[in-house]
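The values are calculated or read from the model by the stated rules, or taken from the named source; none is laboratory data. Model, not experiment: these values are computed from the prediction. Cβ placement follows ideal geometry from the backbone for every residue including glycine, while neighbour counts extend to all protein chains displayed. The protein model used for the area step is the full one, side chains on, heavy atoms only, and it has no ligands, DNA or RNA in it. Shrake-Rupley method; radii C 1.70, N 1.55, O 1.52, S 1.80 Å.
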Amino acid sequence: PLRPRTAGTAGGAPRTARVPRAGGAVELAAAALLVAGAVMGSLIPLGLGWLAAWWSPRLSRQEAKWAVAVVPGTVAAAGLVWLWGRTEGRWGEPTAEGALGDAITASWPWALRAAAVASALYLLWRARRPKG
């Protein structure tokens, strides 16, 4: 087992060396819920994961907003750009006339899953930093 080692300081008093931590429990649980929701395709774990990220005690308000709004919003914007490119025939097979609604219906579950995974990755990144 890993035990903290003591090292002498300039004043002669021993100090405890820092042992790297895996991250905050709330952030890790939120990331796990988001990944589980993405894999299962269920909205309940996704919602719980984003709520846990929003109320995480380790994240600043700015970081929580990024995890819950900015990262998923960026993924949603990328999905809209992809749909626009399809309707314009810029990439992929062009969307048939009047079939944009069907394309949106087919793509929104994948965009939601991608947003959840992106938020989970952001939370894991932020959970790895030292507390303080």
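The table that follows gives values for the structure above.
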{"item": "Accessible surface, 1.4 Å probe, highest first, among residues TRP110, TRP66", "result": "TRP110, TRP66"}
{"item": "Cα-centre dipole for the stretch 18-127 with unit charges at Cβ (Lys and Arg positive, Asp and Glu negative), debye to 20", "result": "660"}
{"item": "For the stretch 42-132: relative contact order, % (alpha-carbon pairs under 8 angstrom, 6 or more apart)", "result": "32"}
